[in-house]
Amino acid sequence: MKTGDGVNENLAESFFLSEYFMTGTFTCAALMGFLSFALLNDEGFSYTRFSLLVKVITTVFMYYAFRHYEWDITKGLMGGVLFCLMFEEAYLVLGRLWQEADFDKYLVAGPQGSIYLASAGMSLLMTIIITINHFVINYSNRGKPENVEFNRMAMIFKFCVYVILIVSNCMLGFAPIVLWRNSLRYLTDMSVLLLLVCVESQLDSFKIIRKELLAQMQEKEETS
């Protein structure tokens, strides 16, 4: 499809617009999120469990709103999911790693500790960028395929950071239960991000289609 901005995009070939792919990412996000929540039962009702529960519930409601064509609510809940991710990562970097665990303990652990710290910080930075770009995309009057593409690139980079986090997390000598729940949380976030890209792509595509239809109607009125 050719957009008004001269950007060629074949909607049929984009797997982010696939209903099956969207449903699959939502199912993975919900299942792994609640499984992560269950593995945190030894911490009581901590801030970590609370933030994880809020993120998963917000994701569920976002998907439900999108499926029922409540797109303004969907866009607001998408921002809520991204803010949940951002606060979770800020709490990890600034709260737990810096204040409670102390950066030095990870630095003296060797390269894997330094890589884990750097990846956690980079993950937070990318979430901030993605969140800002989300509002640019979803609250513009016209479709912004170039911004959607930028967010996809940012999320691909964030995926790579998550893989590094999982690998370096496994090399730090944590207890098995800690390794599992940390890895599941990262996998949950990866699924949530994929779902956000799917919804974001769908909403932006509807804007572009609407813009083209309006242009065609205007052209018909002028020729008639």
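Take T188 and tell me if it is farther than 17 Å from M32 by Cβ and among the polar types (S, T, N, Q).
In short, no.
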Of all residues in the range 115-146, count the ones that are small (G, A, S), under 19 Å from K158 (Cα atoms) and modelled with pLDDT under 85.
-> 0
Which condition number does L179 fail, the rest of (1) under 23 Å from G113 (Cα atoms); (2) not acidic (D, E); (3) not in a helix (DSSP H, G or I) being met?
-> (3)
Counting just the residues of the range 113-158 that are of a type in the set (K, R) and within 19 Å of G80 (Cα to Cα), which one comes out surrounded by the most Cβ atoms within 10 Å (Cβ to Cβ)?
-> K158
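The values are calculated or read from the model by the stated rules, or taken from the named source; none is laboratory data. Owing to the predicted nature of the structure, the values given are computational and were not obtained by experimental measurement. Positions of Cβ are backbone-derived with ideal geometry, glycine not excepted, and every protein chain shown enters the neighbour counts.
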